[in-house]
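The values are calculated or read from the model by the stated rules, or taken from the named source; none is laboratory data. Everything numeric here is computed off the predicted structure, so don't read it as measured data. Ideal geometry is used to build each Cβ from the backbone, glycine not excepted, and the neighbour counts take in all protein chains shown.
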Amino acid sequence: MKIVVGVTTGSLGILSEAAHSTLDLVAAVVTLWAVRVSGKPADPVHTYGHAKFENISALFETVPRTKSKVTIPRHWRRVWCPVAQSYSSGL
Ligand SMILES: [Zn+2]
């Protein structure tokens, strides 16, 4: 829904919120999967059990969040120090 409104209105704020919600949904699905798997008992392949799946999923979920924290200062700089863009008047 947010994606549709963001694309329709061209609002970067709404598109950003849509990306945020999508990321949260993916994180929730990965967490649900990890909790289910980590509760399984040990088997011949995973002789120490499956508890580490939760740690691995937490690591997976930090990657996109860390990337967004790295890119925020870059975008912040863009707001305060905009680079002149060339454009054509079409004439
Ligand atoms: Zn297993």
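Would you check if Lys67 is at pLDDT 90 or above and either charged (D, E, K, R) or more than 30 Å from Lys2 (Cβ to Cβ) (or both)?
The answer is no for Lys67.
For the stretch 9-67, what are the residues that are within 16 Å of the ligand (Cβ to nearest atom) and exposed (fewer than 12 other Cβ atoms within 10 Å of the Cβ)?
Of everything in the stretch 9-67, those that are within 16 Å of the ligand (Cβ to nearest atom) and exposed (fewer than 12 other Cβ atoms within 10 Å of the Cβ) turn out to be Arg36, Pro41, Ala42, Asp43, Pro44, Val45, Thr47, Tyr48, Asn55.
Would you say Val45 is modelled with pLDDT of 90 or more, β-branched (Val, Ile, Thr) and touching a helix residue (DSSP H, G or I) at 6+ places or on another chain (Cβ under 8 Å)?
Judged against the criteria, Val45 is not a match.
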